[in-house]
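Worksheet for the structure shown next.
The values are calculated or read from the model by the stated rules, or taken from the named source; none is laboratory data. Note that the coordinates shown come from a computational prediction; the quantities given were computed from them, not determined experimentally. Note that we place each Cβ from the backbone using ideal geometry, even for glycine, and neighbour counts take in every protein chain shown. Just the protein is used for accessible areas: all its heavy atoms, side chains included, with ligands, DNA and RNA removed. Shrake-Rupley method; radii C 1.70, N 1.55, O 1.52, S 1.80 Å.
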Amino acid sequence: MALLIDGRSVAAELRAQLRSAVERLWHERRIRPGLALLLVGDNPASQVYVRSKAKACQEVGFYSLVEHLPADTSQARVLEYIERWNEREDIHGILVQLPLPRQIDEQEVLLRIDPRKDVDGFHPENVGRLVLGLPGFVPCTPAGILELLRRYVGSLSGKHVVIVGRSAIVGKPLANLLLQKTPQANAIVTVCHTGASDLASFTRQADVLVAAMGVPGAIGAEHVREGAVVIDVGINRIVDPATGKERLVGDVRFEEVEPKASAITPVPGGVGPMTIAMLLWNTYRAATGQVWDGQ
Ligand code: NDP
């Protein structure tokens with residue numbers, strides 16, 4: 001039986017550490033980390049994500065502010081909020097929930113966020129810093145995956161990690177993170193996408209397989225080498241034919257893959273909770289000014 005990688009309990013532990021750190025920060029420097037969250041439109045999944053992020057802020061003692069704007073909000077109005085929050089000293093992190101409605105240029109909005117408040121790590125300056133191996137904000141989901149692998153697998157040096165998915169929020173930053181020449185990373189990395197005509201021929205070579213595709217149950221036993229570690233990033237909402245109710249499933253067919261894997265993340269309760277925990281840590285680091293190594 002595979003070891004179950006319990007993201008929920010690791011995230012709870014990280015939040016508990018953070019609560020103490022937040023108290024110390026207040027005691028010693030009278031700083032309370034503050035996160036501003038911007039939600040535009042009525043995407044139900046985005047509303048759930050923003051609510052969970054704001055709730056998590058409250059739990060660790062952060063100040064948080066949620067601005068929910070209508071779906072027809074103009075780009076100029078969104079930029080006004082960003083500019084205002086860039087100036088505010090009590091706001092250390094700014095998060096714009098993606099996707100944004102079509103009339104808004106996502107790249108333009110992300111570019112306007114002060115890179116020192118870009119706790120999602122999507123600003124080109126932080127993306128560039130990650131690629132160059134310089135200190136900066138690392139996107140939350142890849143950072144959470146690395147933390148799980150550090151705890152459950154140990155050093156990845158020389159291990160072959162195959163990532164399926166090349167998005168700017170998961171696949172690409174994760175590949176860059178794993179390539180860093182550090183004792184914890186230093187992995188051999190392959191990134192697959194829809195251009196792979198025989199996906200299994202790549203994924204079967206993986207010591208660690210990361211599925212970040214957004215395709216329910218796309219990865220089965222035929223994609224996995226005996227003894228591999230399997231990280232399922234997918235969060236897909238499907239209607240369960242048995243109950244008629246909506247439920248969350250990953251990109252991996254858990255029941256089928258688990259007997260072959262040496263360790264595996266469940267969905268829910270694997271990578272998902274780690275993403276929010278890393279967002280909180282990024283915001284804490286923004287508040288302490290540690291991110292840029294004293295610059
Ligand atoms: P995107 O849709 O942006 O990217 C999906 C990637 O998977 C693309 O690169 C695509 O290739 C690739 N892909 C899709 N189907 C196949 C296939 N059959 N074979 C090979 N490659 C394939 O998704 P995201 O990266 O934003 O998200 C991926 C999943 O992770 C989603 O389920 C999302 O909900 C979840 N997610 C979970 C998070 C968490 O906290 N756990 C956080 C963020 C996302 P191509 O580029 O060629 O189209």
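Remarks
- The lysines whose alpha-carbon is closer than 25 Å to the alpha-carbon of LYS117, local same-chain residues fewer than 8 away aside, are LYS53, LYS55, LYS172.
- Take every Cα pair under 8 Å whose residues are at least 6 apart in sequence, average their separation, divide by the length of the stretch 1-129, and the relative contact order is 25 percent.
- Geometric descriptor of the chain, per residue, is 139 Å³ (volume of the convex hull of the Cα atoms).
- Within the chain, helix-based [θ] at 222 nm, where runs of 4 or more DSSP H residues each add -39,500 (n - 2.57), nearest 500: -12500 deg cm²/dmol
- Residue-wise HN-Hα coupling along the stretch 250-255, computed from phi with Karplus coefficients 6.51, -1.76, 1.60 (Hz; x: Gly, Pro): x, 8, 10, 7, 3, 4
- The residues of the stretch 29-115 expose on average 50 square angstrom of accessible surface per residue, using a 1.4 Å probe on protein heavy atoms.
- Heavy-atom accessible area per residue - the stretch 140-272, 1.4 Å, Å²: 44 Å²
- Among ALA261, ALA175, ALA200, residue whose mean-square fluctuation peaks in a GNM of the chain (springs only between Cα atoms under 10 Å): ALA200
- Peptides ranked, highest mean first, by Cβ atoms within 10 Å: ranges 268-277, 121-130, 107-116: 268-277, 121-130, 107-116
- Fraction of accessible area attributable to carbon and sulfur, the chain (%, probe 1.4 Å): 53 percent
- Among beta bridges that DSSP assigns inside the chain, antiparallel share in %, nearest 5: 10 percent
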